[in-house]
Amino acid sequence: MFENLDHVFHTLFDDFCDADEPERYLGVSLRTEEEVALMRELGVALNAAGDEAPVDTDEEYLRAPSWSDVVAVAGRLAQVMVANDLRELAALHNAELSTGPGQEAQGVSAQPRSNAHAHRPTSAAAGSHQCG
């Protein structure tokens, strides 16, 4: 069971990124161009599901014909993000092995994904599930 879609949308698109303009978050909360493209695709899919949910309820979203697109794109995005995070962790680990504990390796960043919009008003607060 999930919290509710308002919470999910707020977390993904208000706290983490803006699916309508994900390019601004490259290097902030998105690591690669592939993540940017998939985030944009996810926003398009969510907006399409929103168009099919005129009363804007969770039940309508989950029954929308395009909801399967949302699930598919979200799954691909999650896989890409996890793979990129694991690559970053492996690079940090390997750099530590080559330089020794507590020393910083040249050219290796230790950049976590940030919470880009922790204080931005949510679209859910305006009564909409639209991304961005």
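Which whole-number value in Å² is the accessible area per residue of segment 1-98, probe 1.4 Å? If you can, show how the numbers build up before the last one.
Details: 5460 Å² over 98 residues.
Per-residue accessible area for segment 1-98 comes out at 56 Å².
Sequentially through segment 72-84, phi angles give Karplus couplings (6.51, -1.76, 1.60; θ = phi - 60°) of 5, 5, 4, x, 5, 4, 4, 4, 5, 5, 5, 4, 5 Hz, Gly and Pro residues having no value and appearing as x.
Distances between placed amide hydrogens fall under 5 Å for D18 paired with no residue 5 or more residues away or on another chain. Extension gain for the segment R76 to L97, taken as residue separation times 0.36 nm less the Cα-Cα distance, is 4.4 nm to one decimal. Pairs of Cα atoms under 8 Å, at least six residues apart: use those to get the relative contact order of segment 33-81, whole percent. Relative contact order, segment 33-81: 45 percent.
The values are calculated or read from the model by the stated rules, or taken from the named source; none is laboratory data. Not measured: the values here are computed from a predicted model. Side chains are part of the model used for accessible areas, which takes the heavy atoms of the whole protein and leaves out ligands, DNA and RNA. Shrake-Rupley method; radii C 1.70, N 1.55, O 1.52, S 1.80 Å.
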